[in-house]
Structure formats: C-alpha cells, structure tokens
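Following: one structure in structure tokens, then a few remarks.
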C-alpha cells in the first residue's frame, strides 16, 4: 500500500480549475518528484495534502486512511511535514527559535523541562545553516530560510516530507549537498515528495516522478522514463525533435 | 394584519438605510482590505454637517445634499484613503483595526468640537405628506430611502460590472500587485472606492438621522447593523449584503412590534437595540471555516523584552514610588493612581492578546466589567472571591472566542464589539447586574485575613498586582508560550503544519486576556467601593485601545505609560474646568496620535527603547574619550542584556523579500 494516495482531486477557485482530477501515489521510503510548469497546480496539491486547502472533490489517503477532512494540525501529528514555496518562516524569531518553537509544539507539555539546545544545533547543522542560528529569520537569505523551513519540519520527525521548491536560492555546491541530505533522509525511512524546478537535482535523487500540467497528471515514471516521454518534453522539458518545435507558438499561447 | 404591514414598511425602510451604509463598507473593504470601524462615525459626522448646512445655515435641501454627498464626503474619503488608511490592507489586521478605531475616536471628537451637545433635530422629508395605502401609512422619508437604496444598488452594479474602473476595482480585490503590473492604477481605484464608500456612509447617516436623532454615539454604533448585513456577504458580496440588511431591518421591526406578546417581555426591553449585535453573532457562528492564511503576515519588529531581573527592578521601583505617593497624597488623588493601575492591568491583558498574539479586542473594558460585577455580587472580598471573578471573566472571554473559532482575527474583533454592545445594552443594565446604572457596592479586598482598608494601602496593593502581572507577561513572552504566540502571529499556516491547533491557542489566549481584564475590574470595584455600568461602557474600551496603541501594545512599559496617559486624559477635563469642548479636542488629539503612531505596534515606546542605542552610538564614543571608566559603565547599563534583537525600522528587514516575491506571485496567478 502506498504511503500517500491522492485520489482524483479537483480544486476550483471560482471558475479556475487549479487541480483537475489529479491522481498519484507516493511509496514509502522513496523520493518522489512532482514537476510541471508554473501554475500547473503543484503547490495547490501540497495544500490539499497538508489540509490548507479543501478540495472541491476527491480524496487524500495516508496509509490507506481518508484524511481529506482532517484539520491541518492533526495531519501533522500523523507525520506530514512541509516547507513552503512562499516562505513561512517565523520572521520575528531567530533561526534557532524557529526550530525551538517547532520542537515545543511537537513535544507539547512533555518537552517543557528539557533543554532543546542540542537538538536545535543538530537540526541546523544537518541542513547546513548552523552559522545563522542567532539571526532573525526574516533577515537571512532566501536559500537559508528554505533550509530553515526544512529543519523546522524535521523537528516534528515527519514520515512524509513535502518540499516546495527547496533548492531555489541555493548555489550549485549547496544544491549538491542538499541532494545528499535528501538521500540520507530517504535512507532513514522518510518519504519525500518534492516540487522542484532544478531538473538535474530531480533526475539525480528521485525514485519516481509525477508530471503535472494544467492540474492533471500527464505522466509518471522513473527519471529515465520521464526524460524519454514526449508529452513531458513538449509540456515542460523542451522539444523532442524539430517537428514538435513547430508547436511552440501554440504551447506559448496557452 | 394592518399592524403587520406597518411593521413591514418600517422594516423595509430600516433595511434599506442599513443596506446603503453596508454597501459602502463592502465597497471599501473589498477593494482595499481595510475594514473601516469608523464607517458609522463617518456617517454621523456627515449627518451633522448636513444638519449644519440645511438647518443651521438654511441652505436649500438639494444644495446641502450636493455639498455633503457630492463634495465633502468624497473628498474626505479620498483624504482618508491617501493619508490614513493607505497600505493598511497589507498590514496585519490589528493595525487597520487600531487605526480605524482611532479614526472613530477622532471623528467623535470632531463632532463634539464643532457641534457641542445640544438639542438638534433633522426633519423628515415632506413630513406633512403621508401616503395612505389601505390601513398602512407610509412616509415620504421611507419611500425616498427605499428608492435611494435601489438606485444605489443599481449604480454599484453598473459601476462594478459595466465600467473599466469597476473592473479594475474587482481586479484589485484579487491581487493589487498584479493589477499594478498590468498597468492598473490601484491607488486611483482605492481612492475612488473610499470616495464612494464615504458618500454612502454619509447617505445612510443622513437618511437615518431624522429617525434615530442627531446623537454622536447612536449614529456611530448604527454601523453594527451595517457590519452584520455586510457579514452575510462575507464583506465582499453586495447582493447578499442587501439581503442581510433587509432581513435585519425586518427582524428588528417585528421584534419591536411584537415584543409585548412575548412572555417576560418586560425583561427584554433592551432586545431591539441589540438585535444587530445578536444578528452579527449569529452570522459569525454560521460562516464557514476560514482557511489558514498563507503568506500574508511577515515578521514584525518587536519591542525588546527585558530579563525578568530587570523587570523586577523596575517593578520594585514603581512600587516604591507609589508607596511614597501614598504617604503624601490626598485620597482623591490616590484614587486616580489606583484607577491608573486598573487601566494598566487591562492594558497588560491587551499586551498579551494584541501585542503578542496579534488579535484585537474592542471590548476589553467589558471583560473588566464582568470581573467587577462578579466580585461585587460574590461578596467574598478575599483572594478566593478575586480568583472566582477572574475565572468567570476568563470563561466569558472563552465564550466570546468560541463561536468565531474558525474565523480570522477581524471577525474575532467584530465579535468582541458585538459582545461589548450586548453587555452594555442588555446585561449590565439588567436586574442582576447594575439595574439601569444603579451603583453596585463592593468591599475592599482582604489578603489572608489582612484587610486592605486605607485607600493608600489599596493603591499600593493594586500596583503590586500590576507589577506581578507584568512579570508574568514578561515571563510568558520569554518562554515557550510567548514564542508560540509570536509564531502564530507570523505564520498560522506554518504553525498548523507543525501540529499546532491554532483555534485552541486563540481561545486560551482570549480567555487569559479576559481573565486579566476581569481582575482589573474586580480590583477597581474594591477601590471605588461603588461601581456603575457607565464605568465599563463600550466606548471606554475603544479609548483604552487607542491609548495603549499610542504607547505601544507590544511592551509592558507601553501598558504602564498608556495607563498613566489614559488616567490623565480622564482627569484633565476636570482639571481644566469640566469644559465640554476640551473633551472633544482631547479625542481629536488622541485619535490623530493613534493614527500617526498606531501602525507600528511598538508605539511611542519604539522611540523610547531606541534611546539606549542612541546613547551608545552618539554619546558613548564621546564619553569613552573623556572618561574611559565611566563610559564602560554607561555601556553596560544602556546595552543591558536584552535578549531581543536590535530594533530596526518596522518592515525594513523584509522589504526586499516582498519585492522578490512579486514575480513568483505573478507567475503563480497564471
């Protein structure tokens, strides 16, 4: 049984259909990529999975259990963690206190008398931003803030981690280190679902890829299969051959 | 049957007037995302102005109407948008509430200043011509109001759906940044919306003034009905707003008409007056769950948080000062000091709720009133009685927050407003509380058997309470709870995805805050010995909010300064010879001050807290040159060990980030 099953989800905003009968599964312990052009409905999918957006129709199943109507915080307690495309770091707090707050929330009353400093240091170190610990979260560079969101999500020990464009704002070597970190997380048994535009990173780390376009899944498979898929090349990656290039204007006008 | 038809006619008339006022509110809110608490006050001022033109100066009615609705009101609207509310739509909802509450206070002050209290009346249109429709008598005023409301509806429909600027208005609701990118002038759209909205507020005020009377407060609070109606359309849907207004008008009229047939009606005389508040509550309960906000509020610059040790030193100092005052001051003056302590404690409850949590309560004095009544009625003048009074206030606070659990901060603030009015009109005047402003007696507190009888000792005790609660508030801010509160303020969505149930945080916060306010009320009851419902009227809560906003709602020091300020404000008119006009002037100054300062939640204390860094930056190098040893001490003192970051300009730190995100916004909106 897959860990996550997005079942025929439709999300409409007024007359606009952001997600159109999307259907995909994420297997436990894998890194899965969710790719597609801007506006394809990737972030909306994330919002539906985490509970920030109620779908117009369709279901979300975690471990085979329907969580479509479950409030956000209870999904988190069931092991769903996420980062955001538009940053949601606690800007008034320091980087360390962002993680501390996550630990406080996660541990509840049991953690009140425990010093969390070692855990915070470990988490910040792990994502590679320990040097920023005492800076205010709204003053650090975008890339650091994204990694902070990852550290904060990890503080809640999630089984399923949703990462929304985690590598944007990272340079080449940082992206490489980040890819290693993702593999490490997967080897711990965590499942990662990631929206990402850096195709090199996606192709290097993902076990499976789902391609979303205009709210629908147009292809799914291994990185090699996706790379070879003509539909995907047309919609997103580039063009298969000269003949397809003639469609350029048509695609652009969409 | 005849009676029923008469009530229906009255109901339609009232509903039509509500609809006019409400549509103005919807227009300004939906285009600029600023909820204008002062909408009713605007209508009130222009009703007075219309009276001035048409009655006092004797201008013809048509000319007065053109001057007020076509010139003065739109210009005022544009002025308000350009100068007062611009940019508030993107600010936290607390900022726009504080600024528009300040505007309300200022407008009431302006009205009092220009038109001092006096008997005035506006005549209905064509009072001598009544229309008999069968058994029902209809006045021209009623017909005009209904026709005007239909014209307004039609006009708004044409404006919004058939004109380019109307399309731009609707676009600006969705994404002003994007509108800007496509060459739309969102500032012109906003100015137009405020011009039309203000005219509609004025029109509503003018049409209702002959029926309600030219009263500062009655006309201002009329807006509650408009809120309730607008709420049915979730503040954005005009047709539903009209439906809500009609429903409310009719319901109110039938209740007034048929109240006498309801058993026990003699106890419900206040009911018609609070219908809008009840209606508002009912709609708030019925509104669907609001989604958690994503990407709206960014980090705020908060006031520095002193260490507990430092706070204790300051608190001790404050107590010593009050002890010295108690030794040398007359009882009447000490009463003022005690009152300031009461205000201080109520303001501390706002530091917790608004400063740390980001929620606004518009009825904090009402919770103090609950505490006071509970304390007096319990007649247990000891710590147990005090505790019970606090718990009762906290429970009432939770009850107010529960129905709006699912909604955003704006609705919570409106719920407190409805609650404040409800308590004013029904509960505090009922037989089991004050019974129409009868004084209620309360005894002074005794602590573990020791009676605190003299007013001096009682004032010292109240100061001790203030200091203790301050220490608790500072401790909360420094601890995990404080961090979680700041985190909820910064990003609700992130808190949710980390596993926090924000709804219960909100209820707990609201209950604690109401409990603290209740404590203040109970202590005040003991101090005064007698209390009346007027001590806790709704308007005082607005004054309190404005005062604490001026001094800074994010710090304990802000609460202390705000309390002294509010006490002086009540004291000053008496000092200057009980002159009515000084009160109007004070309201104007107070409102203007809060409009200027209220946007920055750190208030005046923002500048006060900067003094140490000025000393360090400017004075310190000079001192270090001349007296090396002493300068080191200055640095230690000034630098202190505040744990918070350096204070910067609000919004400065993340301004560049917003710019970066415009692009992704535009793309995401595809």
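Values quoted throughout were computed directly from the atomic coordinates according to the rules given, and no laboratory measurement underlies them. For clarity, every value in this text was computed on a predicted model and none was experimentally measured. Counting neighbours? That spans all protein chains shown, and the Cβs are built from the backbone with ideal geometry, glycine included.
At the listed q of 0.10 Å⁻¹, the Debye profile of the range B:308-537, built from one uniform point per Cα, gives log10 I(q)/I(0) equal to -0.46.
Peptide A:49-60 shows a mean partner chain C-beta count of 2 within 10 Å per residue C-beta. Entry note: the protein assembly as shown has Rg to Rh equal to 1.00, where both radii use alpha-carbon atoms and Rh is the Kirkwood radius. Label-to-label distance for residue B:211 and residue B:399 is 3.1 nm, based on points extended 7 Å past Cα in the beta-carbon direction. Each of residue B:457 and residue A:1 was given a label point 7 Å from its Cα along the Cα-to-Cβ line. The distance between the two points is 7.0 nm.
Kirkwood Rh, chain B, all Cα pairs: how many Å? Numbers along the way, then the final one.
Values: mean 1/r = 0.0379 Å⁻¹.
The Cα-based Kirkwood calculation yields 26.4 Å.
Given a Förster distance of 30 Å, report the FRET efficiency between residue B:571 and residue B:468 from their Cβ-Cβ distance, rounded to the nearest 0.05. Using R0 = 30 Å, I get an efficiency of 0.70. Here, the range A:93-223 is characterised by an Rg to Rh ratio of 1.00, where Rg is the alpha-carbon radius of gyration and Rh the Kirkwood radius.
Per-residue ellipticity at 222 nm computed for chain A from its helices equals -10500 deg cm²/dmol, with DSSP H segments shorter than 4 residues left out and the rest contributing -39,500 (n - 2.57).
All C-alpha pair distances within the range A:1-144, sorted into 5 Å bins from zero, spread as 2, 8, 15, 17, 16, 15, 14, 9, 3, 1, 0 percent across the bins. On the basis of the beta-carbon distance and an R0 of 25 Å, residue B:592 and residue B:534 show a calculated FRET efficiency of 0.45. The calculated Kirkwood hydrodynamic radius for the range A:86-157 is 11.8 Å, given to one decimal from all distinct C-alpha pairs.
Inside 10 Å of the C-beta atoms of B:472-484, what's the mean count of C-beta atoms belonging to other chains?
2
The long axis of helix B:308-328 is offset from the longest Cα principal axis of chain B by roughly 80 degrees.
By other beta-carbon atoms within 10 Å, ranking A:206, B:547 with the fewest at the front produces A:206, B:547. The Cα-based radius of gyration of the range B:2-269, divided by its Kirkwood radius, gives an Rg/Rh of 0.99.
Pull out the extension gain between residue B:154 and residue B:286, defined as 0.36 nm times the separation in residues minus the alpha carbon to alpha carbon distance; nm, one decimal.
Here the answer is 44.7 nm.
Modelled spin labels at residue B:320 and residue A:228, positioned 7 Å past Cα toward Cβ, are 8.5 nm from each other. Considering chain A at the alpha-carbon level, its Rg and Dmax are found to be 18.7, 67 Å. Other chains' Cβ within 10 Å of A:94-106 residues: what's the mean? So the per-residue partner count for this stretch is 5. Looking at the protein assembly as shown, the DSSP beta bridges with both ends there are about 60 percent antiparallel. Placing R0 at 56 angstrom, the Cβ-Cβ distance between residue A:134 and residue A:69 gives a FRET efficiency of 0.85 after rounding to 0.05. Here is how the number arises for chain B: DSSP H runs of 4 or more residues each give -39500 (n - 2.57), the sum is divided by the residue count, and the result at 222 nm is -22000 deg cm²/dmol.
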